[in-house]
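The values are calculated or read from the model by the stated rules, or taken from the named source; none is laboratory data. Model, not experiment: these values are computed from the prediction. Every residue, glycine among them, receives a Cβ derived from its backbone with ideal geometry; neighbour counts consider all protein chains shown.
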Amino acid sequence: MSRVAHVARTLGVQASNYLRASSVAATARDRDPLPDAPVVVFFAGGPTELYQLADWLPVLESLHASYPLVIACTRPDGARAALAATSLPVRLTRGAPDLEALVDAGARAVLYVNHLERNFRMLRFAEPVHIYLGHGESDKDSSVSNQNKAYDQVFVAGPAGRERLSRALRGFDAAARAPMVGRPQLDHVREGAPDWPRDDRVRVLYAPTWEGDRPRMAYGSVASHGASVVRALVSDGGFRVIYRPHPRAGTTSPSYRAADREVRALLEGTDHVVDAGPYGWQLTFADVCLTDPSAVAYDWLATGRPMLVTVPADARTTTPTSPLLELVPRLSADEAPDVAERLRAVLAGMPPGWDDLVAHYFGDVSPGAATRRFEAALAAALES
């Protein structure tokens, strides 16, 4: 997208949000009353970032019976997307008076699913307890943002999350401020899986991340690995591919967007699938995962099943040291044509210590354990 086109699109979105604000706010108010003493889920993004909220919706919808929730959106298009995605109460909070109304309603806590700058509009209120949830852990730079210090608590999945924060953030007491809650999303059955009969082919989830907005964050593999990987798997005949590009793939790089189109074209007209629907069912549906250093790698790790993680092709990309990236088999761009052989190798057995690694990142992954820890951590935060 050219700079002129980007500016025009941005102005168009801003104009649409301005014109629709009143009607969206009224629709949200009319659909659901504001609960007394709610737990607020703060969502400062728009439709492009909805996946960050959607990641938590099954957990939050279940929690709503015990702790009344309301989703506070700062953008009309974000509020419209949230209204379509969940039955939870939604409010459009465009400015300080709207936020003050939530606090005056007795907001007990505020949960955050990203690090957007608009979060600080809500963080200025001292009364509620402010809890950062994020939208999946990884060893990317974004998982150790210094913005974590702004929240009262930062929920992490397990010991690895605490260690990551302690190592990176000066003066941050992770033992006191980072409760370990596992990955409660994995306790919920997700819909959306294709109606595939089980045959002798291996189901492969290829879930690359986006290209990032700077070289240090260029973890995405679509441009470097994507076409070679998909072409090799399709031609092999022993695999069935679920290609799930990141929702933001191609938003900052025309070449990355073109690579995504090429991968989609390779799958068009086949019995493989390009997946742009709900996220979560893939974790129980696929047999093996190929992904990048991203949150998907950690979601998949919690299943305990085999996977490959790509090596970023750009030498400028930050490659953090982590137990996962040291142990998991990796796939470079040069090795992408050999992906079928590499996947068969990990299907035969992951490296020794794999089960211990799962426990290090997620603790107890038995059904229901993470949900119990998450609810206990929230209850403790509300009493703090």
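Which one of the conditions (1) crowded, with 16+ Cβ neighbours inside 10 Å; (2) farther than 20 Å from Ala227 by Cβ; (3) among the hydroxyl-bearing types (Ser, Thr, Tyr) does Thr310 fail to meet, given that it meets all the rest? That leaves (2) as the condition not met.
Once the range 297-318 is narrowed to residues that are of a type in the set (A, V, I, L, M, F, W, C) and over 20 Å from Asp355 (Cβ atoms), the residue that is nearest to the chain's Cα centre (by Cα) is Val311. From the list Gly277, Gly269, Gly237, Gly250, the lone residue that is small (Gly, Ala, Ser) and surrounded by 21 or more Cβ atoms within 10 Å (Cβ to Cβ) is Gly250. Scoring Ile242 on the criteria (1) in contact with a Leu (Cβ under 6 Å, 6 or more places away or on another chain); (2) within 25 Å of His6 (Cβ to Cβ); (3) β-branched (Val, Ile, Thr) leaves a single failure, condition (2).
Among the residues of the range 303-320, those that are part of a loop (DSSP other than H, G, I, E, B), of a type in the set (S, T, N, Q) and touching a residue at least 60 places away in the same chain (Cβ under 8 Å) comprise Thr303, Thr317, Thr318. Output yes when any residue across the range 162-176 is part of a helix (DSSP H, G or I), in contact (Cβ under 8 Å) with a residue 40 or more places away in the chain and in contact with a helix residue (DSSP H, G or I) (Cβ under 9 Å, 6 or more places away or on another chain), and no when none is. Checked the range 162-176: at least one residue is part of a helix (DSSP H, G or I), in contact (Cβ under 8 Å) with a residue 40 or more places away in the chain and in contact with a helix residue (DSSP H, G or I) (Cβ under 9 Å, 6 or more places away or on another chain). Within the range 66-88, does at least one residue satisfy the condition of being closer than 27 Å to Arg164 by Cα and within 20 Å of the chain's Cα centre (by Cα)? Taking every residue of the range 66-88 in turn, none turns out to be closer than 27 Å to Arg164 by Cα and within 20 Å of the chain's Cα centre (by Cα). Reported count of residues in the range 187-211, each being under 25 Å from Arg248 (Cα atoms) and either surrounded by fewer than 23 Cβ atoms within 10 Å (Cβ to Cβ) or among the hydroxyl-bearing types (Ser, Thr, Tyr) (or both), is 11. The number of residues in the range 156-199 that are within 12 Å of Ala370 (Cα to Cα) and under 17 Å from the mean Cα position of the chain (by Cα) comes to 11.
Based on what the data block shows, is Thr310 among the hydroxyl-bearing types (Ser, Thr, Tyr), modelled with pLDDT of 90 or more and within 21 Å of Val202 (Cβ to Cβ)? Criteria met by Thr310.
Just one of the listed residues (Ala109, Ala84, Ala79) is in the same structural domain as Val24 (by TED's automatic domain parsing) and touching a Cys at 6+ places or on another chain (Cβ under 7 Å), and it is Ala79.
Counting only helices (runs of 4 or more DSSP H) that sit completely within the range 200-302, those holding 3 or more residues that are farther than 30 Å from Ala369 by Cβ and touching a Pro at 6+ places or on another chain (Cβ under 9 Å) correspond to 227-236, 254-267.
Residue count for the range 285-307 satisfying the condition of being buried (at least 20 other Cβ atoms within 10 Å of the Cβ) and aromatic (Phe, Trp, Tyr): 2. Tell me, yes or no, whether the range 131-142 has at least one residue that is at pLDDT 95 or above and more than 23 Å from Pro320 (Cα to Cα). Yes: the range 131-142 contains one or more residues that are at pLDDT 95 or above and more than 23 Å from Pro320 (Cα to Cα). Scanning the range 86-95 for residues that are in contact with a helix residue (DSSP H, G or I) (Cβ under 7 Å, 6 or more places away or on another chain) and modelled with pLDDT under 95 returns a single hit, Arg94.
Against the list (1) exposed (fewer than 15 other Cβ atoms within 10 Å of the Cβ); (2) of a type in the set (Ser, Thr, Tyr); (3) touching a Ser or Thr at 6+ places or on another chain (Cβ under 7 Å), the condition Thr321 fails is (3).
Please state which of the following conditions Ala370 fails to meet, knowing it meets all the rest: (1) buried (at least 18 other Cβ atoms within 10 Å of the Cβ); (2) under 30 Å from Arg216 (Cβ atoms). Condition (2) is where Ala370 drops out. Screening Arg183 with (1) modelled with pLDDT of 95 or more; (2) in contact with a helix residue (DSSP H, G or I) (Cβ under 9 Å, 6 or more places away or on another chain); (3) not polar (S, T, N, Q) gives one miss only, at (1). Here is a check on your reading of the model: is Tyr132 closer than 18 Å to Arg373 by Cα, among the aromatic types (Phe, Trp, Tyr) and either within 21 Å of the chain's Cα centre (by Cα) or in the same structural domain as Trp300 (by TED's automatic domain parsing) (or both)? Here the answer is yes, as Tyr132 does meet what is asked.
Of the candidates Thr48, Thr86, Thr10, Thr27, the single residue that is under 30 Å from Gly368 (Cβ atoms) and surrounded by fewer than 21 Cβ atoms within 10 Å (Cβ to Cβ) is Thr86.
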